[in-house]
Amino acid sequence: MGTRIGFYGGTFDPPHMGHTAAAAAFAAAVRPDRLYIIPNYLPPLKDGRVPAPAADRLAMAALAFPGCTVCDFELKSGGVSYTYKTAEYLHRLHPDGALFMLIGTDQLLQLDRWRNPAGLLRAVNVCVALRRSGEDGRAAAKAEALRRDFGAVVRFIPYEPVEVSSTEVREALRAGRTHPLLDGAVADYIREKGLYR
Ligand code: ATP
């Protein structure tokens, strides 16, 4: 069997325990030889909010995902980050590797709005973590549509949803509180740098 390459992209602004729990569940289910964590520079489908500086998000990802390979490909490329280009990059790094991409349900549900979904879905196996219980019906229907329309390989990984978003974490921090689902080392980093005030 060839190498198995896992990757998990996101804004990670900041990374929280939903991200790390999903990554752990993904690692347990897929057993990748390498797991790349890839912070994006500008997410295409978010509302124009400017994320924390790239260097800080990279540093927080390194603290939140020990044992993973934090990759600055999208941050170095700049501009809007398109996952199909990241998949091409990983394929150049690992020509014999099979690519496994982790996403949450919100991203699955809008995957055909991503740039070049056909190219991306030919290149990767999609692994989905359900972010909230009760989303499974819509998510299963969407997975079926992607299989039918693109020949996508989509599976759901066993994951007990940890219901948290970076938005919630930023709101707590802005209100002067911390958040229980923020990793301690990440919380310390945020405090030292004065982020999200
Ligand atoms: P924001 O609130 O700023 O929109 P977010 O919490 O959704 O951020 P992202 O960095 O945008 O976090 O997410 C990166 C990836 O992680 C996406 O595929 C998303 O679906 C997934 N994800 C985010 N939060 C969770 C969670 N709690 N459980 C499982 N997957 C998650």
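Give me the extension gain from residue 47 to residue 110: residue separation times 0.36 nm, minus the current Cα-Cα distance, reported in nm with one decimal.
Values: separation 63, 0.36 × 63 = 22.68 nm, distance 1.44 nm.
Full-extension gain reported as 21.2 nm.
Under the Karplus relation 6.51 cos²θ - 1.76 cosθ + 1.60, θ = phi - 60°, what is the ordered set of whole-Hz ³J(HN,Hα) values for the range 166-174, x standing for Gly and Pro?
Karplus-based 3J(HN,Hα) across the range 166-174 equals 4, 4, 4, 5, 4, 5, 4, 5, 5 Hz.
Rounded to the nearest percent, how much of the accessible area of the chain (1.4 Å probe, protein heavy atoms only) is carbon and sulfur?
Values: 4970 of 9790 Å².
On the chain, the fraction of accessible area on carbon and sulfur atoms equals 51 percent.
What do the square roots of 5 times the Cα gyration tensor eigenvalues come to for the chain, in whole Å, largest first, as semi-axes of the equivalent ellipsoid? Walk me through the numbers before you get to the answer.
On the way: eigenvalues 140, 70, 53 Å².
Semi-axes from the Cα gyration tensor: 26, 19, 16 Å.
Restricting things to alpha carbons, find the Rg to Rh ratio for the range 58-111 using the Kirkwood radius for Rh. Let's see the in-between values first.
Values: Rg = 12.7 Å, Rh = 13.0 Å.
Rounded to two decimals, Rg/Rh equals 0.97.
How large is the accessible surface per residue of the range 67-197, computed with a 1.4 Å probe and reported in Å² as a whole number?
Values: 7060 Å² over 131 residues.
With the other protein chains kept in place, the range 67-197 gives 54 Å² per residue.
Report the full-extension gain for the segment residue 165 to residue 34: residue separation times 0.36 nm, less the Cα-Cα distance, to one decimal in nm.
Values: separation 131, 0.36 × 131 = 47.16 nm, distance 2.53 nm.
That works out to 44.6 nm of additional length.
Please give the charge dipole size of the chain, origin at the Cα centre, charges +1 on K and R Cβ atoms and -1 on D and E Cβ atoms. Round to the nearest 20 debye.
300 debye
The values are calculated or read from the model by the stated rules, or taken from the named source; none is laboratory data. These figures come from a predicted structure and were not determined experimentally. Please note: Cβ atoms are built from the backbone with ideal geometry, for glycine as well, and neighbour counts cover all protein chains shown. What goes into the accessible areas is simple: the full protein's heavy atoms, side chains included, and nothing from ligands, DNA or RNA. Shrake-Rupley method; radii C 1.70, N 1.55, O 1.52, S 1.80 Å.
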